[in-house]
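S.K.: Sending over a structure as structure tokens; questions will come in a sec.
The values are calculated or read from the model by the stated rules, or taken from the named source; none is laboratory data. No experiment lies behind these values; they were computed from the predicted model shown. Note: ideal-geometry Cβ built from the backbone for every residue, glycine included; neighbour counts use all protein chains shown.
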Amino acid sequence: MMNAGIWRIARFAVPIITIAFAGLCSQSRAAPHDSKPAARKKAAPPRSYAPVVEQLGSFDADARRKSSALLESAGEAGITALLSGLSHPKLAVRVGAFDTLSRLLSDRYRIPPASIPRYDAWASKPERAKMAATLRNWWARRSSARAGHAL
């Protein structure tokens, strides 16, 4: 009975720890005299965050909380991963992805929740695909506009 609990925890914790460790290793490999600090902080591709996004649908509240925190700390790559999570086949993952995404956009980027395009995780697959595409396009326009102002 005890072993089942350990394996359940390990199954959720290993992907999160692996991605966090990979992020730390990629930052430590950059040369300290590098004149391009942005190149050192390049985020991992969204595909590597897929197991973390999957954890947003977990029954374990602690695993969901850790996954959410890791995706929120990932910046743009985390947002891209959350946007891809909106197309996940499991309802719990879609709900967790949108919840984390909307919280991240309102807390970190100060975007009012009312201005975030609508998304319904319970809608039919074609409707969800349309809403997810709208959200992705909205974020792409918004992030490119922000990048234009930063230059």
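S.K.: What number of residues within the stretch 65-74 satisfy the criterion of being of a type in the set (A, V, I, L, M, F, W, C) and either more than 15 Å from Ala50 (Cβ to Cβ) or over 8 Å from the mean Cα position of the chain (by Cα) (or both)? Spell out how you get there, then give the answer.
M.R.: Of all residues in the stretch 65-74, those of a type in the set (A, V, I, L, M, F, W, C) come to 69-71, 74.
Right, trim to either more than 15 Å from Ala50 (Cβ to Cβ) or over 8 Å from the mean Cα position of the chain (by Cα) (or both) and you get 69.
Result for the stretch 65-74: 1.
S.K.: Could you check the stretch 23-74 for helices (runs of 4 or more DSSP H) lying wholly inside it with 1 or more residues that are modelled with pLDDT of 85 or more and among the hydrophobic types (A, V, I, L, M, F, W, C)?
M.R.: The helices (runs of 4 or more DSSP H) meeting that bar are 50-55, 61-73.
S.K.: For the stretch 75-110, what are the residues that are more than 15 Å from the chain's Cα centre (by Cα), touching a residue at least 24 places away in the same chain (Cβ under 8 Å) and part of a loop (DSSP other than H, G, I, E, B)? Break it down stepwise before answering.
M.R.: Going through the stretch 75-110, the residues more than 15 Å from the chain's Cα centre (by Cα) turn out to be 89-91, 110.
Now narrow it down to the ones that are touching a residue at least 24 places away in the same chain (Cβ under 8 Å): 90-91.
Lys90 - this is the single residue of the stretch 75-110 that is more than 15 Å from the chain's Cα centre (by Cα), touching a residue at least 24 places away in the same chain (Cβ under 8 Å) and part of a loop (DSSP other than H, G, I, E, B).
S.K.: What's the total number of residues in the stretch 83-120 that are surrounded by 13 or more Cβ atoms within 10 Å (Cβ to Cβ), touching a Ser or Thr at 6+ places or on another chain (Cβ under 7 Å) and more than 14 Å from Met131 (Cβ to Cβ)?
M.R.: 1
S.K.: Inside the stretch 65-76, can you point out the residues that are over 14 Å from Asp99 (Cα atoms), surrounded by fewer than 19 Cβ atoms within 10 Å (Cβ to Cβ) and of a type in the set (Gly, Ala, Ser)?
M.R.: Within the stretch 65-76, Ser73, Gly75 meet the criteria.
S.K.: Separate question: Residue under question is Trp138, and the condition is that it be part of a loop (DSSP other than H, G, I, E, B), more than 17 Å from Ala74 (Cα to Cα) and of a type in the set (Phe, Trp, Tyr); does it hold? Step through it out loud before you land on a result.
M.R.: On the way: part of a loop (DSSP other than H, G, I, E, B): no; more than 17 Å from Ala74 (Cα to Cα): yes; of a type in the set (Phe, Trp, Tyr): yes.
It is false that Trp138 is part of a loop (DSSP other than H, G, I, E, B), more than 17 Å from Ala74 (Cα to Cα) and of a type in the set (Phe, Trp, Tyr).
S.K.: Follow-up question, since we're still on this one. Under 6 Å between Cβ atoms, which residue pairs at least 6 apart in sequence (or on different chains) link something in the stretch 114-137 that is touching a residue at least 40 places away in the same chain (Cβ under 8 Å) with a partner that is part of a helix (DSSP H, G or I)?
M.R.: Cβ pairs passing all conditions: Arg136/Leu83.
S.K.: What residue, of Ser106, Ser115, is touching a Pro at 6+ places or on another chain (Cβ under 6 Å) and under 22 Å from Ala145 (Cβ atoms)? Please lay out each step first, then the result.
M.R.: Numbers: Ser115 fails: touching a Pro at 6+ places or on another chain (Cβ under 6 Å).
Exactly one residue qualifies, and that residue is Ser106.
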